[in-house]
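The values are calculated or read from the model by the stated rules, or taken from the named source; none is laboratory data. From a predicted model like this one, the values you see are computed outputs, not experimental measurements. In this analysis, Cβ positions are derived from the backbone assuming ideal geometry, glycine residues included, and neighbour counts consider all displayed protein chains. These area figures cover heavy atoms from the full protein model, side chains too; ligands, DNA and RNA do not enter into them. Shrake-Rupley method; radii C 1.70, N 1.55, O 1.52, S 1.80 Å.
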Amino acid sequence: MEFSGTYTPFKREELMQRVQMQISERRFIHVLGVEEAAVALAAKYGCSQEKASIAALTHDYAKERSDDEFQLIIKKDGYNLELLEYGNAIWHGLVGADIVQRELGIEDEEILTAIRLHTTGAAAMSLLDKIIYVADYIEPNRTFPGVKEARELALVDLDEAVAYETKHTLQHLINQEQKIYPKTIETYNRWVVNN
Ligand code: DGI
Ligand code: FE
Ligand code: FE
């Protein structure tokens, strides 16, 4: 895919390289898998494939930043300080979008929102938000039990795939006695209960 220059100053190859420099090889392979899945979903559901590609390539850009860096941004940039009670799992998307904006010069709010919401989802999600949320879950390198069902649903009904992912992620978090971020519950109430 050739970028138009509208959403990022970088060509795809250069953006890929900048992402690759920030994360492990294993995670970079995941990112390329998310891009492949996201572009395919964008083609299927009529979303901008360029936006899907850029959001996918950058969605985990900040995942390997230190807790210190996230905590500093949360305190300095006026985030609700309750966010400090969570960890990298929640910070890397929500706060990571700010790092992507700053370091990669991406200003498009639809792309930044898709990055922000990619872990938790939200009650209100755009087509691009859903595509990145689902592509992250079904990308070809994922192997967990249930991924086959999630892939099949994504081909038939994107909202059903959002619901499936949300339900299974929440079940997993509860089994592990992890702290649930309120937005994750809002996503569950909107897409699993009220679908
Ligand atoms: O970054 P990835 O591993 O590709 O995937 P992700 O960003 O979707 O998820 C990162 C982790 O976040 C995953 O292990 C599930 C977890 N997670 C999702 N919602 C919540 C959460 N963790 C907590 N503690 N609370 C949540 O509400
Ligand atoms: Fe992530
Ligand atoms: Fe990811």
Report summary line: Rg/Rh of the stretch 80-160 (Cα atoms, Kirkwood Rh), to two decimals, equals 1.01
Query raised in the report: Setting aside same-chain residues fewer than 8 positions from residue 11, which aspartates and glutamates have a Cα under 18 Å from its Cα?
Result: 2, 35, 36, 50, 103, 107, 108
Query raised in the report: Under a plain spin-label model, where a point goes 7 Å from the Cα along Cα-to-Cβ, how far apart in nm are residue 4 and residue 67?
Result: 4.3
**Report entry** Cα gyration tensor shape for the stretch 20-76, rounded if a/c is under 1.5, else prolate or oblate
**Finding:** oblate
Report task. Please tell me the relative contact order of the stretch 12-193 in percent, rounded to the nearest whole number, where contacts are Cα pairs under 8 Å and at least six residues apart. Result -> 22
Query raised in the report: Using θ = phi - 60° and the Karplus curve 6.51 cos²θ - 1.76 cosθ + 1.60, what whole-Hz ³J(HN,Hα) does each residue of the stretch 123-129 get, with Gly and Pro shown as x?
Result: 5, 9, 10, 6, 4, 5, 4
Query raised in the report: To the nearest 10 square angstrom, how much accessible area does residue 67 have with a 1.4 angstrom probe?
Result: 80
Report summary line: Residue-normalised value, i.e. accessible area per residue, for the chain at 1.4 Å probe, in Å², stands at 50
Query raised in the report: GNM, the chain, Cα, under 10 Å: largest mean-square fluctuation among 68, 136, 159?
Result: 68
Query - Paramagnetic reach from residue 172 (point 7 Å along Cα→Cβ, amide N under 15 Å) across the stretch 139-163 - result: 139-151, 162-163
Requested in this report: Would you work out what percent of the accessible area of the chain, with all protein chains in place, is carbon or sulfur (probe 1.4 Å)?
Outcome: 48
Query - Neighbour cut-off at most 14 other Cβ (10 Å), DSSP loop, GluC sites (Glu not before Pro), the stretch 98-194 - result: 107, 177
Query raised in the report: Which is farthest toward the positive dipole end of the chain among 74, 4, 106, measuring Cα position about the Cα centre, with Cβ charges +1 (Lys, Arg) and -1 (Asp, Glu)?
Result: 74
Report summary line: Measuring from its Cα centre, the stretch 12-193 shows a charge dipole (+1 at each Lys and Arg Cβ, -1 at each Asp and Glu Cβ) which, in debye to the nearest 20, is 260
Query raised in the report: If you keep only loop residues by DSSP, which GluC sites (Glu not before Pro) in the stretch 1-87 have at most 16 other Cβ atoms within 10 Å of their Cβ?
Result: 2, 64
Report task. Can you sort 29, 115 by 1.4 Å-probe accessible area, starting with the largest? Result -> 29, 115
Query raised in the report: Relative contact order for the stretch 8-95 using alpha-carbon pairs under 8 Å, separation at least 6, rounded to a whole percent?
Result: 26
Query raised in the report: What is the projected area of the convex hull of the Cα atoms of the chain, averaged over all directions, in nm²?
Result: 10.5
**Report entry** Simple label model, 7 Å out from Cα along Cβ direction - residue 124 to residue 141, nm
**Finding:** 3.4
Query raised in the report: Tell me, in nm to one decimal, what length is gained between residue 43 and residue 76 on full extension, where the rule is 0.36 nm per residue of separation less the Cα-Cα distance?
Result: 8.0 nm
